[in-house]
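One structure is given below, encoded as structure tokens.
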Amino acid sequence: MNVIAKIDKISSGKDLTSIKKNVVDLIKELETLSLEIISYELNGSVQSIKKELLLKELKQIHDTKTIERTSYYLNRLLKGLSVQKEGKINDLNLNRWKEYEDIITDSLWIFDKRDTSGMHKAGYWGNFIPQIPNQLLRRFTKKGEWILDPFLGSGTTLIDKVKTKIINSDSSKVKFQNALRSLKTNSFQFIIMHPPYWDIIKFSKKKNDLSNANTVKSFLKMYSNIVENIYPVLDKKRYCAVVIGDKYESGEWIPLGFYVMQEMLNKGFKLKSTIIKNFDQTTAKRNQSELWRYRALAGGFYIFKHEYIFLFQKN
């Protein structure tokens with residue numbers, strides 16, 4: 001279907017009545033098609049749009065009350081179908097922003113369970129759910145750009161079809177410039193960090209492992225050294241996301257997330273967003289919801305069901 005030509009012809013109408021009649025005719029034609037995706041040719045390449053979305057746009061056009069507003073919506077639809085407007089830091093077509101319904105733009109992320117549709121496995125205790133890198137990489141990277149994950153763990157960030165280079169080293173000391181040269185590039189365009197939540201999970205017996213820090217102060221010092229090492233290799237104005245949670249110990253809530261946020265600010269990053277991620281099922285609390293509820297009532301505290309995703313930008 002040459003959908004652009006049909007909409008262009010509709011937009012050339014001179015009066016509101018004829019335009020709306022032609023819009024209704026196109027809606028009826030689309031509704032007879034069994035296809036869920038409408039394909040069309042543009043500059044020698046095949047493009048597509050969801051039929052449901054196209055129908056929604058046309059029905060909005062039909063419901064307008066003035067020819068000025070009708071013409072505005074028609075031209076906007078034509079532009080969305082024919083002009084690619086990419087963001088500075090991603091490949092999203094902003095002329096068709098309504099299509100990205102699964103991309104979260106609110107500061108509260110609620111997930112009932114892990115996404116198991118891909119290659120991600122939950123066997124590595126302490127890894128983050130794949131929805132987090134999926135959301136962040138689609139928002140803050142372009143195809144062909146380089147991403148740094150200093151706390152790689154089981155490699156959740158790498159589950160997509162990407163070129164990878166894994167360095168088994170201390171992130172506070174590794175010479176990232178050497179790695180970049182071997183990749184024939186000069187810098188990273190996005191950094192994602194999911195550090196240990198201090199000593200909640202012990203990941204090794206090494207002294208330079210953040211999960212083995214003796215105190216919060218020493219943990220933050222070790223973390224600060226890593227931030228200082230990664231800051232120079234991130235492009236200016238590009239983004240860094242930190243996934244971190246708090247800790248409860250000896251009857252006291254330890255705001256580890258906010259301590260980590262302050263370390264980022266101290267090193268020159270600018271805070272852009274604070275996202276609260278609520279995850280209903282965790283390995284530690286699964287099948288123990290009644291026990292944890294009793295403990296909360298008896299102990300005068302609230303059950304951890306959230307983490308923070310702090311989004312920073314390099315000045």
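The values are calculated or read from the model by the stated rules, or taken from the named source; none is laboratory data. From a predicted model like this one, the values you see are computed outputs, not experimental measurements. Please note: Cβ atoms are built from the backbone with ideal geometry, for glycine as well, and neighbour counts cover all protein chains shown.
Return the residue satisfying two criteria in turn: it lies in segment 198-223 and is assigned to a loop (DSSP other than H, G, I, E, B) and of a type in the set (A, V, I, L, M), and of such residues it is farthest from Tyr248 (Cα to Cα). Walk me through it before giving the result.
Step one: list which residues in segment 198-223 are assigned to a loop (DSSP other than H, G, I, E, B), which gives 198-209, 213-215.
Imposing the further condition that a residue be of a type in the set (A, V, I, L, M) reduces the set to 200-201, 213.
Values: Ile200: 9, Ile201: 13, Ala213: 16 Å.
So, considering only residues that are assigned to a loop (DSSP other than H, G, I, E, B) and of a type in the set (A, V, I, L, M), the one farthest from Tyr248 (Cα to Cα) is Ala213.
The lone criterion from (1) out of contact with any Cys (no Cβ under 7 Å at 6 or more places or on another chain); (2) surrounded by 13 or more Cβ atoms within 10 Å (Cβ to Cβ); (3) modelled with pLDDT of 90 or more left unmet by Lys143 is number (2). Restricting attention to segment 235-258, does a residue exist that is surrounded by fewer than 17 Cβ atoms within 10 Å (Cβ to Cβ), closer than 19 Å to Phe140 by Cβ, out of contact with any Phe, Trp or Tyr (no Cβ under 8 Å at 6 or more places or on another chain) and not acidic (Asp, Glu)? Yes: segment 235-258 contains one or more residues that are surrounded by fewer than 17 Cβ atoms within 10 Å (Cβ to Cβ), closer than 19 Å to Phe140 by Cβ, out of contact with any Phe, Trp or Tyr (no Cβ under 8 Å at 6 or more places or on another chain) and not acidic (Asp, Glu). The number of residues in segment 1-41 that are charged (D, E, K, R), under 34 Å from the mean Cα position of the chain (by Cα) and within 15 Å of Leu55 (Cβ to Cβ) comes to 2.
For every residue, the table says whether it meets (1) touching a helix residue (DSSP H, G or I) at 6+ places or on another chain (Cβ under 8 Å); (2) without any contact (Cβ under 8 Å) to a residue 12 or more places away in the chain; (3) closer than 23 Å to Ile129 by Cα; (4) of a type in the set (Gly, Ala, Ser).
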| residue | (1), (2), (3), (4) |
| --- | --- |
| Glu228 | no, no, no, no |
| Tyr231 | no, no, no, no |
| Lys237 | no, no, no, no |
| Glu263 | yes, no, no, no |
| Lys270 | no, no, no, no |
| Ser273 | no, no, yes, yes |
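Taking segment 224-280 and the strands (runs of 3 or more DSSP E) fully enclosed by it, the elements with 3 or more residues that are more than 20 Å from Trp198 (Cβ to Cβ) and assigned by TED's automatic domain parsing to the domain that holds Ile200 are at 234-244, 269-279.
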